[in-house]
Amino acid sequence: MIKKIDHVGIIGKSSQELVELFSRLFGFREVKTIKDARQSFMSRLIIANDAGIEVISPTGTEGSIAKFLSQKGGGLHHISLEVDNIEKEVDRLLSSGIRFVNSEPNRIDNLKVMFIHPQSAHGLLIELVEKGD
C-alpha cells in the first residue's frame, strides 16, 4: 500500500548549486548524502517540512546519471513513493504486468528500493521505497 509521496528526484550538473538554491529560496536543509562510485553519481536528500527532494549529479562521465544529463540537460528524474511493504507491492504490480528496472529490492542504509521501468509507466521512472526502523 502506498503511504505517501516520499520525494522527487532531480538531476543537475552541480548538486551543490541546486542544494544552495532550494535552501536559499525555500528553506530546505540537507539530511543525507550518498556517493555511489560504482554508478558514478552523488545523491543529496534535502527536506523542508514534509517535502523531500533528492538532488542527483554525476561524479564522472559514465553511467545513467551522466547520460541523462547529457541527453536532457537535467530536470525531473523520478518520483518516489513510500510503501509499507515493498515485496507485497512488487508482487502485486508484477501480477498486473508491470516491469521493474531491478529484479529485487536494492538496500541503501535502512531502505529497500525498487524502480518501475519507464516503459511500464508512460515514460516516467517511479521509485518504490520502504523505510526500515
- Query: So what's the range 2-131 giving for Rg/Rh, alpha carbon basis, Kirkwood Rh from the mean inverse pair distance?
  - Reply: 0.96
- For residue 106 and residue 50 in the same chain, what is the full-extension length gain: residue separation times 0.36 nm, less their Cα-Cα distance, in nm? 17.7 nm
- Please order 115, 41, 26 by the number of other Cβ within 10 Å, starting at the fewest. 26, 115, 41
- Which value results when the Cα radius of gyration for the range 34-80 is divided by 2.2 N^0.38 Å? 1.20
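Throughout, read-outs are computed from the coordinates displayed, never taken from laboratory work. Because the structure is predicted, anything quoted here is derived from the model rather than measured. Note: ideal-geometry Cβ built from the backbone for every residue, glycine included; neighbour counts use all protein chains shown.
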